[in-house]
Amino acid sequence: MKNSRIIIVFSLLLAFAPFYSFASTSTDAVMSESTDVTLTEGKVKRYNQETQILVLQSKNGEKITIALDWNTILIGYSTPNEIEKGHKVKIWHSNNTNNTTAVKIEKKLILGC
């Protein structure tokens, strides 16, 4: 009787194991598999709503010009028009030969009392 329970439990684990391997796929996991996506954190120096070009000053002082497109994922923003100078953000961007395009933009939370 005890052996049959063990066999049933083990069989169920094997039957459902493939479903758990696909359940952990997230935006970060998909982007980290790609070698041409880079994460940069910093402050928004300028953002042009018409051209959707953002200038980011990274933590080490480097300025990076990044273009947004309709594929850009926004976290903490409803629309790209909410992006303002001085916002602290994390930007995942791809470096193509022609330009740098934002894959994902996450507004960092402002903590305080």
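The values are calculated or read from the model by the stated rules, or taken from the named source; none is laboratory data. Just so it is clear, the structure is predicted and the values come from calculations on it, not from any experiment. Reconstructed Cβ throughout: ideal geometry from the backbone, glycine too, with neighbour counts over all protein chains shown.
Reported count of residues in the stretch 16-58, each being at pLDDT 90 or above and part of a loop (DSSP other than H, G, I, E, B), is 4. Scanning the stretch 54-84 for residues that are touching a residue at least 40 places away in the same chain (Cβ under 8 Å) and crowded, with 16+ Cβ neighbours inside 10 Å turns up just one, L54. The criterion of being polar (S, T, N, Q) and under 15 Å from the mean Cα position of the chain (by Cα) holds for N71. In the stretch 59-95, of all residues being in contact with a Ser or Thr (Cβ under 6 Å, 6 or more places away or on another chain) and among the small types (G, A, S), the one that is modelled with the lowest pLDDT corresponds to S94.
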